[in-house]
Amino acid sequence: MFVLSKADVPRFLAHLAGRYELYGPVLHPESGDTFFDRAADPSAVRLDAPIPTNTPKFTVFPHFERILSYKYDQTTKDVRIIPEELVRPKALVGLRSCDLKGLLCFDRFFLGQEFVDEFYRAHRRKMFLVANTCATPFPQCFCVCTDSGPYAAEGYDVNLTDLGDAYLFETGSDAGRAAAGELGLPAAGPEASRRRDAVVDRSIALFEPRAVENKAWISRAVNRLTTGFVKNETWEYIGQQCFECGACSFVCPSCSCFNIEDVNRVNGTTDRIRTWDSCSFEGYARMAGEHNPRRPVEDRRNKRFFCKLSYSQSKKYLRPGCVGCGRCVRVCPGDIGMANVVTAIRREITGK
Amino acid sequence: MDISRNAAAVSLPVPAVITEIQEEIADVRTYFFRFEDPELERTFAVRSGQFVMCTIFGAGEFAVSLPWSPEGDRRHLSVRNVGKVTSALHALEVGDKIGIRGPFGNGFPFDAIKGRNLIYVAGGIGLIPLRSSIVHALLHRSDFGRIILLYGAKSARELMYRPLIEEWRKREGFETYVTIDRSEPGWNGEVGFVHTLIEKAKVPVTDTVAFVCGPPIMFNAVIGELSARGLKDDCIISTLERHMKCGIGKCQHCAIGRTLVCTDGPVYTFKQIKTLGETI
């Protein structure tokens, strides 16, 4: 454990910017919202900004990505397949622990199953991750109920905790330790971890007044979803509320469904494009010939919550898919973010 | 990206040349192909019941089950012209190239079903994914009890692989029943839906495995009839089709229940299908 004085933060960011493309929480000048974005300049990164509106998942899983291009000559029958060069080392700074957990879900899902997703791996393997302990929860947050915050226990190269006068600089990898060495950071004293724990405990205590409503019922929801005991009426209600806009999927740190399309360009090459997709869209499972096994909206909605909370899906992530960031709560126009779905399931059980 | 030779067919399509095109039925053609890379042509190995992702250059990619048997059959795909990408395939000619990724999926459980009677029940182009399994069963005839094919289509014009079925019919120890929905001039065979053949063929249910593939309505009727006769759910095997984008368990388009058709399937027992809690 090391100490990073607040005056040294710019030096740390510049150190990273010299080695990586730098991404972090950046304030949008017009709306005042925070976005996780490419920092044009290290000084644009705001470690004290609120939780970003978007997730950092686009850095490993872009909204829109060419995964290969090819050229087929109809006359000579010559085909050239050109794999995309995707490797651009990135440093992600100011990662909330929920978003870091989302990335770890991705790692286990894209790299740890029967097949490795080569495109994901190309992005992921040369990354430097700097997590940031959340000292204050935001209104929609419930990471304490999904075991994903406010302190990141694993998966980072560096974790920063704001101790008031300085940041506690914890290293979680060789790359993190090397950075501490290159920056010449002083070692933290024995009281540092106690002070960090105090910050984390204070943050957790701030969750409590909010958690009484429903969020603490997540483990019961996991149980009900896994055993199939959620009533059809509940799914129908959720289905009726759903606008099928896909916003929940797009802001979710662990949603990773994608679509692939081949797009012809004027110069005769074709790009194979992978884009984000959402299981809430009607065409999601539609096959050629118009057969759609998942037409009713409630069939599609329960799919997403099954993916976030069921045990069988948790086996793929080695944790629940929901990381408690609460972004779906904030963006859902139908008011069926995760917290309200858990409430609906709770009402089934308690009757109120 | 460092993609080794074997992994190449997973992430990137490998080019193959169409060597022959056969008209099957209306809108369905069979495309024989060989890989451009002679090494891959020699080594590309599949299991019966698997599928590949087929790229039509300039149009896109689709998932297609494999009709060819790994044992000595020529590689080919039988495809119905039904959407944007398959219609682009139907516009291709001999000498044109396609791209192949795969093979993916689990395949049929031949080791587990040795010694049993095999009942193949297919409707329309549902015979395509069962073809390789039938070829396998005939090559290893002594491994199995009775082998029965019950096959139906809307009309005689919509019966797949008719010359092949005639060949099979002549094989000793292979019982073939073919039906069409309504009688028509020149048809001397059975008339009626395919599940009615189960009675006609006196299908056994002990030590028996049924392979069922066809449109949902036919599937349900056949399952109903087989179950009513006492065939157990885990003795009914089917291969499912879903919209797929990646084939390797990542895009999630083919999710059914807690499984993915691409990596957990496409071959399921009816017992499994029942627990998935989704329409077929």
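Here, each number is a calculation from the coordinates, and none is a lab measurement. What you see is a predicted model, and the numbers here were worked out from it, not measured in a lab. Glycine also receives a Cβ, built like all others from the backbone with ideal geometry; neighbour counts cover every protein chain displayed.
Using the crude model of +1 on Lys and Arg Cβ and -1 on Asp and Glu Cβ, and no other charge, please compute the dipole size for the protein assembly as shown relative to its Cα centre, in debye to 20.
Charge dipole of the protein assembly as shown: 980 debye, to the nearest 20.
Hand me the tally of lysine pairs in chain B: alpha carbons under 19 angstrom apart, and the pair either on different chains or 8 or more positions apart.
7
May I ask for log10 I(q)/I(0) of chain B at q = 0.10, 0.11, 0.16 Å⁻¹, from a Debye sum over the Cα atoms as equal point scatterers with solvent left out?
Relative scattering, expressed as log10 I(q)/I(0), comes to -0.52, -0.63, -1.34.
From the phi angles alone, apply the Karplus equation (6.51, -1.76, 1.60; θ = phi - 60°) to segment B:100-109 and give each ³J(HN,Hα) in whole Hz, x where the residue is Gly or Pro.
Result, rounded to whole Hz: 10, 10, x, x, 10, x, 7, x, 6, x.
Can you list residues from other chains, or at least 5 along the same chain, whose modelled amide H is less than 5 Å from the amide H of B:ILE100?
Under 5 Å from the amide H of B:ILE100: B:VAL14, B:ALA16, B:THR55.
Can you classify chain A as rounded, prolate or oblate using the Cα gyration tensor, where a ≥ b ≥ c are the square roots of its eigenvalues, rounded means a/c under 1.5, and otherwise it's prolate if a/b beats b/c and oblate if not?
oblate
Given axes a ≥ b ≥ c from the Cα gyration tensor, I'd like to know whether segment B:110-276 is rounded (a/c under 1.5), prolate (a/b larger than b/c) or oblate.
prolate
Can you list the HN-Hα couplings for segment A:32-47, worked out from phi with the Karplus curve (6.51, -1.76, 1.60; θ = phi - 60°), rounded to whole Hz and with x for Gly and Pro?
x, 6, 9, 10, 7, 8, 5, 8, 4, 9, x, 6, 6, 6, 10, 5
Count neighbours as other Cβ atoms within 10 Å of each site's Cβ, and list the GluC sites (Glu not before Pro) in segment A:1-90 that are DSSP loop with at most 10 such neighbours.
On the way: sites: A:GLU21, A:GLU30, A:GLU65, A:GLU84, A:GLU85; in loops: A:GLU30, A:GLU84, A:GLU85.
Passing both the DSSP loop test and the Cβ count: A:GLU30, A:GLU85.
If you average the sequence gap of Cα pairs under 8 Å that are 6 or more apart and divide by the length of chain A, what percent do you get for the contact order?
20 percent
Spit out the partnerless Cys residues in chain B, using Cβ distances under 4.7 Å as the pairing rule.
Those would be B:CYS54, B:CYS213, B:CYS235, B:CYS254, B:CYS262, since no other cysteine Cβ in chain B comes under 4.7 Å of theirs.
Given the protein assembly as shown, what percent of its DSSP beta bridges are antiparallel, to the nearest 5? Numbers along the way, then the final one.
Values: 67 of 101 bridges.
Rounded to the nearest five, the antiparallel share is 65 percent.
For segment B:5-104, give the magnitude of the charge dipole about the Cα centre (Cβ charges: +1 Lys/Arg, -1 Asp/Glu; no others), in debye to the nearest 20.
With Lys and Arg at +1 and Asp and Glu at -1, about 280 debye.
Amide H neighbours of A:PHE2 under 5 Å, at least 5 residues apart or on other chains, H built in the peptide plane: list them.
Result for A:PHE2 returns A:PHE169, A:GLU170, A:THR171, A:ALA188.
Most exposed first by the Cβ proxy, i.e. fewest other Cβ within 10 Å, how do B:MET160, A:MET127, A:MET338 rank?
The most exposed by this proxy come first: A:MET127, B:MET160, A:MET338.
Can you give the helix-only mean residue ellipticity at 222 nm for the protein assembly as shown, where every DSSP H stretch with n ≥ 4 adds -39500 (n - 2.57) and the sum goes over all residues, rounded to the nearest 500 deg cm²/dmol?
When only DSSP H runs of four or more count, the value is -8500 deg cm²/dmol.
Using alpha-carbon pairs under 8 Å, 6+ residues apart, how would you state the relative contact order of chain B in percent?
Rounded, it is 17 percent for chain B.
Under a straight-distance cross-link criterion of Cα-Cα below 12 Å, which aspartates and glutamates are reachable from A:LYS316, leaving out those fewer than 8 residues away in the same chain?
A:ASP107, A:GLU114
Once the convex hull of the alpha carbons of the protein assembly as shown is built, what does its volume come to per residue, in cubic angstrom?
180 Å³
Take every DSSP beta bridge whose two residues both sit in segment A:2-350, then give the antiparallel share in percent to the nearest 5.
Close to 75 percent.
If you take every DSSP beta bridge whose two residues both sit in segment B:110-276, what share of them, in percent to the nearest 5, is antiparallel? Each step should come with its number before you reach the end.
Details: 5 of 28 bridges.
Bridges in segment B:110-276 that DSSP calls antiparallel: roughly 20 percent.
Show me, for segment B:115-130, the HN-Hα J-couplings you get by feeding each phi into the Karplus relation (A = 6.51, B = -1.76, C = 1.60, θ = phi - 60°), rounded to Hz, glycine and proline as x.
x, 9, 6, 10, 10, 9, 10, 10, x, x, 7, x, 6, 4, x, 8
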